[in-house]
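These notes are about the structure you will find just below.
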Amino acid sequence: MPKIEPFEKHRDRYENWFERNRYAYLSELEAVKMLLPKEGKGAEIGVGTGRFAAPLGIKLGVEPSKAMAEIARTRGIKVIEGTAENLPFEDESLDYLLMVTTICFVDDPEKALREAHRVLRPGGALIIGFVDRNSPIGRFYEEHKNESTFYKEARFFSTEELLELLKKVGFRGFEIVQTLFHRLDEIKSVEPVKSGYGEGSFVVIKAVK
């Protein structure tokens, strides 16, 4: 079962995070934008309330939470109810897929990545944005997991672990960028985006089929 209960019940609290941490959110958006293909047919998996898809111009999303999907639709996104492990798309039908802080909530990460690989056309790209478990924010989330409405059941990954999984299911040609170089409460302006990983707490990987 997808871990949707907290998102169904607390979507307003979820939305408020983006208002409260506006500059962290805008920094994440910039990092994703840097690696997202500029053209082609794409979708966001775990589209949530559309906080990333809408400003990035992605019109199609997959989301298991009805409450979240409702808001995404008001942001102009066509949302299909579904999970990352069973994508409602034909083989080799999309040019790119985006997943932002979704991989930590899926029941079967390897299956989710295999599904992404299946639906992408050859040369298509999967872009994954996530909080690195070994980063300052990642360690904070891990330590305070039980106090968190959303992260209680999350499984955080290090960049190395995700790269291994991506290679295992057949992805290659990796590009990586990072941002969020301070604690969330210290971020008072949009943070820079740097290539690589190991410094920033939010990492984006682009992987090619």
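Set side by side, the residues ARG121, ARG139, ARG172 differ, and just one is in contact with an Asp or Glu (Cβ under 6 Å, 6 or more places away or on another chain), charged (D, E, K, R) and either at pLDDT 95 or above or more than 19 Å from SER27 (Cα to Cα) (or both), which is ARG121. The test for being open to solvent by 50 Å² or more (accessible area, probe 1.4 Å), among the aliphatic types (A, V, I, L, M) and under 15 Å from the mean Cα position of the chain (by Cα) holds for MET34. Look at PHE156 and say whether it is touching a residue at least 60 places away in the same chain (Cβ under 8 Å), open to solvent by less than 40 Å² (accessible area, probe 1.4 Å) and aromatic (Phe, Trp, Tyr). Against the criterion (touching a residue at least 60 places away in the same chain (Cβ under 8 Å), open to solvent by less than 40 Å² (accessible area, probe 1.4 Å) and aromatic (Phe, Trp, Tyr)), PHE156 does not qualify.
What number of residues within region 75-97 satisfy the criterion of being within 15 Å of ARG121 (Cβ to Cβ) and not acidic (Asp, Glu)? Quick ask: steps written out before the conclusion?
Of the residues in region 75-97, the ones within 15 Å of ARG121 (Cβ to Cβ) are 87, 89-97.
Among the residues that remain, those that are also not acidic (Asp, Glu) are: 87, 89, 93-94, 96-97.
Count: 6.
Is it the case that GLU191 is outside any strand (DSSP E or B), of a type in the set (D, E, K, R) and touching a strand residue (DSSP E or B) at 6+ places or on another chain (Cβ under 6 Å)? Walk me through it before giving the result.
On the way: outside any strand (DSSP E or B): yes; of a type in the set (D, E, K, R): yes; touching a strand residue (DSSP E or B) at 6+ places or on another chain (Cβ under 6 Å): yes.
So GLU191 fits the description; yes.
Which of the residues belonging to region 62-109 are among the charged types (D, E, K, R) and either assigned to a strand (DSSP E or B) or open to solvent by less than 50 Å² (accessible area, probe 1.4 Å) (or both)? Within region 62-109, GLU63, LYS78, GLU81, GLU85, ASP95 meet the criteria.
The set of residues in region 167-179 being over 11 Å from TYR197 (Cα atoms) and outside any helix (DSSP H, G or I) consists of VAL169, GLY170, PHE171, ARG172, GLY173, PHE174.
One residue stands out in region 121-148 among those that are over 21 Å from PHE52 (Cα atoms) and touching a residue at least 24 places away in the same chain (Cβ under 8 Å): the one that is surrounded by the most Cβ atoms within 10 Å (Cβ to Cβ), namely SER135.
The values are calculated or read from the model by the stated rules, or taken from the named source; none is laboratory data. What you see is a predicted model; the values in this text were computed from it and never measured. Ideal geometry is used to build each Cβ from the backbone, glycine not excepted, and the neighbour counts take in all protein chains shown. Remember, those area values only see protein heavy atoms, side chains included, never the ligands or the DNA or RNA. Shrake-Rupley method; radii C 1.70, N 1.55, O 1.52, S 1.80 Å.
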